[in-house]
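**Student:** This structure is in structure tokens; I'll ask about it shortly.
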Amino acid sequence: MSSLVNDVTENLASYPMETLKEIKEGLELKGKKIFDFGTGDPKIPMPSFLAQTICENIPKISQYPSIKGTKKLFDAHVSYLSRRFKICKFDSMSILPSRGSKEAIFHIALSLISRGSKKRKIIYPSPGYPVYKSSIDFAGGEPYPVQLKEENKFRLEPWLLPKSIINETKAVWVNYPHNPTGATVDQSYWCKLLDWCHDNSIILLSDECYMDIYDHESSFKPQSPLALSSELVISFHSLSKRSGLTGVRAGFIAGDKRILDPHIRARANFGLALPDFIQAAAAAAWGDDKHVIARRKIFTERRNHSFKVLNSLGLISEKPQAGFYMWCKLPRAYEGQDEKFCLSLAEKGVITTPSSWLGDQTKGYFRLALVPDMDDTLEAMDIIKEYISEI
Ligand SMILES: Cc1ncc(COP(=O)(O)O)c(C=O)c1O
């Protein structure tokens, strides 16, 4: 019998994080203590003022929320963009709330790709967040992965692509601080990328999920291209990592009015309005920086310690300045066998992600998400040390 679902759904691989969950469950059944560095979902308690805001705003009568969001939430987004990136001109920009950034990343392609158009390619980084590709597939676009290379500091440089590809490109995804490599970029990169996008009428989609998780001891603060121009730029923000609200699902998209004003009509059809009590908590979270400083300190401590150990084992050479991932080279004995390495490390209780799950042609690495607390991080690093010395 032919498939009852379309070819895109039929051919979807299972979402990598679901596979990790199954491996973990198997180990738990065997009674193994698990150190889960797999999925990037830290278990730090939600700031209490945000939990309280949610409770206080649960309405007596439950009615449909607005897709545009409340004025209070809009003001909180504007205030965050002004404080964090010193953006002061908002006339050519629109800002829309989103239910975290995953759905916003997924849905934008549905408004950008025109069936039958020649410009149906969307460029994205590989390795990278898997939703860039799947969103393009579902929207009927042509995914165009660009391999990120260590010798190039994992920077996506679309200006190196052949003109024939550039002519067929509608948009380009970038994600700095980058998941999974931890790469960051400086202002000159953003200027060059923006110029290239403007020269070629290509939309810049900037995934800024890890923007606020940077080294709290360093003077380096990741920047958004939106601070330079909103023309042909859309940036995607999230409270998941910034405020520890992965389960609440809140974020926003900001950028070129000419794209986002029509896109809001599409979003109304997708049914993506944020419940009012979540909008209230999101407004409080975007309005406060203190809890974010506390989170930054936690991740800086984990990053510093795990880097020290992993670096001494020759698995990583440069300490990431932001995000909460360690992108490690496979030990010699496992060259080209990332899945095999991660599975054998998992047998010791340490769950990591093989690089090929995060990019088709990326085989030489494994990723640790610095999710376990400091005690578990210390214990897990000892296990890795012992394991590496045995192979
Ligand atoms: C690079 C990147 N973008 C976007 C997301 C989506 O995050 P959320 O939907 O929780 O905002 C993630 C989640 O891990 C991510 O790693």
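The values are calculated or read from the model by the stated rules, or taken from the named source; none is laboratory data. No experiment lies behind these values; they were computed from the predicted model shown. A quick note on method: Cβ atoms are made from the backbone with ideal geometry, for glycine too, and the neighbour counts reach across all protein chains shown. When the accessible area is computed, the model is the full protein with side chains, heavy atoms only, and any ligands, DNA or RNA have been set aside. Shrake-Rupley method; radii C 1.70, N 1.55, O 1.52, S 1.80 Å.
**Student:** Percent relative contact order of the range 337-391, based on C-alpha pairs within less than 8 angstrom and at least six residues apart?
**Tutor:** 30
**Student:** Using a 1.4 Å probe on the protein chains only, how many percent of the accessible area of the chain belongs to carbon and sulfur?
**Tutor:** Reported share for carbon and sulfur atoms: 52 percent.
**Student:** I would also like to ask the following. Would you grab the residues whose amide H sits under 5 Å from the one on residue 214? Only those 5+ places off in sequence or on another chain, please, with H modelled 1.01 Å from N.
**Tutor:** HN-HN under 5 Å from residue 214: 323.
**Student:** Which whole-number value in Å² is the accessible area per residue of the chain, probe 1.4 Å?
**Tutor:** Per residue, the chain has an accessible area of 46 Å².
**Student:** Using helices alone, what [θ] at 222 nm do you get for the chain, with -39,500 (n - 2.57) per DSSP H run of 4 or more residues, divided over all residues and rounded to the nearest 500?
**Tutor:** When only DSSP H runs of four or more count, the value is -12500 deg cm²/dmol.
**Student:** So who's got an amide H within less than 5 Å of the one on residue 350, skipping anything under 5 residues away but keeping other chains? H placed 1.01 Å off N, in plane.
**Tutor:** Under 5 Å from the amide H of residue 350: 35.
**Student:** Given the protein chains as shown and a 1.4 Å probe, how many square angstrom of residue 105 are accessible, to the nearest 10?
**Tutor:** The value for residue 105 is about 0 Å².
**Student:** What whole number of Å gives the distance from the Cα centroid of the range 52-124 to the Cα centroid of the range 151-204?
**Tutor:** Using only Cα atoms to place each centre, the spacing works out to 22 Å.
**Student:** Taking amide H positions as placed 1.01 Å from N in the peptide plane, with prolines and chain starts having none, which residues 5 or more places from residue 98, or on another chain, fall under 5 Å of its amide H?
**Tutor:** Placed amide hydrogens put 251, 252, 253 under 5 Å from residue 98.
**Student:** To the nearest 10 Å², what's residue 295's accessible area with a 1.4 Å probe?
**Tutor:** Answer for residue 295: close to 10 Å² accessible.
**Student:** Let me know the charge dipole size of the range 253-364 about its Cα centre in debye, to the nearest 20, where only the beta-carbon of Lys, Arg (+1) and Asp, Glu (-1) is charged.
**Tutor:** 280
**Student:** Cα gyration tensor of the range 150-295, axes a ≥ b ≥ c as square roots of the eigenvalues: rounded (a/c below 1.5), prolate (a/b > b/c) or oblate?
**Tutor:** Since a/c reaches 1.5 but b/c is at least a/b, the shape of the range 150-295 is classed as oblate.
**Student:** Using only protein heavy atoms and a 1.4 Å probe, report how much of residue 186 is accessible, in Å² to the nearest 10.
**Tutor:** 80
**Student:** Rounded to whole Hz and in sequence order, give me ³J(HN,Hα) for the range 50-66 from the Karplus expression 6.51 cos²θ - 1.76 cosθ + 1.60, θ = phi - 60°, writing x for Gly and Pro.
**Tutor:** These are the phi-based 3J(HN,Hα) values: 7, 4, 5, 4, 4, 4, 5, 10, 6, x, 6, 10, 8, 10, 4, x, 8 Hz.
**Student:** Sticking with this one: Could you tell me which GluC sites (Glu not before Pro) in the range 280-356 are loop residues by DSSP with no more than 15 other beta carbons within 10 angstrom of their beta carbon?
**Tutor:** Sparse-neighbourhood loop GluC sites (Glu not before Pro): 318, 335.
**Student:** Under the Karplus relation 6.51 cos²θ - 1.76 cosθ + 1.60, θ = phi - 60°, what is the ordered set of whole-Hz ³J(HN,Hα) values for the range 252-262, x standing for Gly and Pro?
**Tutor:** 7, 10, 9, x, 3, 3, 5, 9, 6, 5, x
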